[in-house]
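Report on the following structure.
The values are calculated or read from the model by the stated rules, or taken from the named source; none is laboratory data. If you're wondering where the values come from, they're calculated on a predicted model, not measured in any experiment. Note that each Cβ is placed from the backbone with ideal geometry, even for glycine, and that neighbours are counted across all protein chains shown.
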Amino acid sequence: DSGVTQTPKHLITATGQRVTLRCSPRSGDLSVYWYQQSLDQGLQFLIQYYNGEERAKGNILERFSAQQFPDLHSELNLSSLELGDSALYFCASSPSTGGIQPQHFGDGTRLSIL
Amino acid sequence: AQSVTQPDIHITVSEGASLELRCNYSYGATPYLFWYVQSPGQGLQLLLKYFSGDTLVQGIKGFEAEFKRSQSSFNLRKPSVHWSDAAEYFCAVASGNTPLVFGKGTRLSVIA
């Protein structure tokens, strides 16, 4: 158990819809990272938050947004969903920021777009 | 830009045999290197990491990895593979304040 909690585990929805994925980091961790894992793209970094502020941005679509709340949990919002958004979405956390920080991953949310 | 190459998409080994998974990275400065393992339906678990110092690092589950700067490699090894080691293995690199960059992964199958 990594200590990172993601909900829901599975999500099935239709094209054009909007969903929210939730992540609770390990106790004491201030950084939260979001990743997308698909068969064709592999593991892609989307965005990082540190103590409530956006810290780094990767290959995140404009239809996607995220935020980190005062209690340090984070939400990833995906809107105007397309078939190609079907993927595993992982959240990871680390105590601070910087590449030297090992990240601990949740079990992911599997998103299926019908 | 940083990049990570895992040349082997899929490897099959016999239980009890030794294992080496290859990882090559591209980055100008000294990187921070990681190996993660992903079992089916689960998230990624950190196996080991290299930041500096001794180039041979020990990790969990009997894994080790060796950093070779001259070859830009960070190969993962295990002397004797167990059936429970069957999983997907990811090499990753970061530096400074840059986010983790992952390789495409190597799927390990273990046969009796």
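Which one is surrounded by the fewest Cβ atoms within 10 Å (Cβ to Cβ), of the residues in the range B:96-112 that are in contact with a strand residue (DSSP E or B) (Cβ under 6 Å, 6 or more places away or on another chain), in a loop (DSSP other than H, G, I, E, B) and facing another protein chain (nearest Cβ under 7 Å)?
The residue in question is B:Lys104.
Against the conditions (1) surrounded by 14 or more Cβ atoms within 10 Å (Cβ to Cβ); (2) away from every other protein chain (no Cβ under 14 Å); (3) under 15 Å from B:Ala29 (Cα atoms), where does B:Val93 fall short? Just the number, please.
Exception for B:Val93: condition (2).
Only one of A:Tyr49, A:Tyr35 is assigned to a strand (DSSP E or B), more than 11 Å from chain B (Cβ to nearest Cβ) and under 23 Å from B:Ser3 (Cα atoms); which?
Among A:Tyr49, A:Tyr35, only A:Tyr49 is assigned to a strand (DSSP E or B), more than 11 Å from chain B (Cβ to nearest Cβ) and under 23 Å from B:Ser3 (Cα atoms).
Have a look at B:Leu21, B:Leu47 and point out the one that is surrounded by 12 or more Cβ atoms within 10 Å (Cβ to Cβ), within 14 Å of chain A (Cβ to nearest Cβ), closer than 18 Å to B:Glu88 by Cβ and not acidic (Asp, Glu).
On inspection, the qualifying residue turns out to be B:Leu47.
B:Lys61 passes all but one of (1) within 14 Å of the chain's Cα centre (by Cα); (2) more than 30 Å from A:Ala87 (Cβ to Cβ); (3) assigned to a helix (DSSP H, G or I); which number fails?
The number of the failed condition is (2).
Modelled with pLDDT of 95 or more and in a strand (DSSP E or B), is that true of A:Leu11?
yes
Give the residue, chosen from A:Leu76, A:Leu72, A:Leu111, that is under 15 Å from the mean Cα position of the chain (by Cα), more than 25 Å from B:Gln2 (Cβ to Cβ) and not in a loop (DSSP other than H, G, I, E, B).
A:Leu111
Just the residues that are closer than 11 Å to B:Phe90 by Cα and not in a loop (DSSP other than H, G, I, E, B), please, taken from the range B:18-32. Walk me through it before giving the result.
Quick first cut of the range B:18-32, residues closer than 11 Å to B:Phe90 by Cα only: B:21-23.
Correct list: B:Leu21 only.
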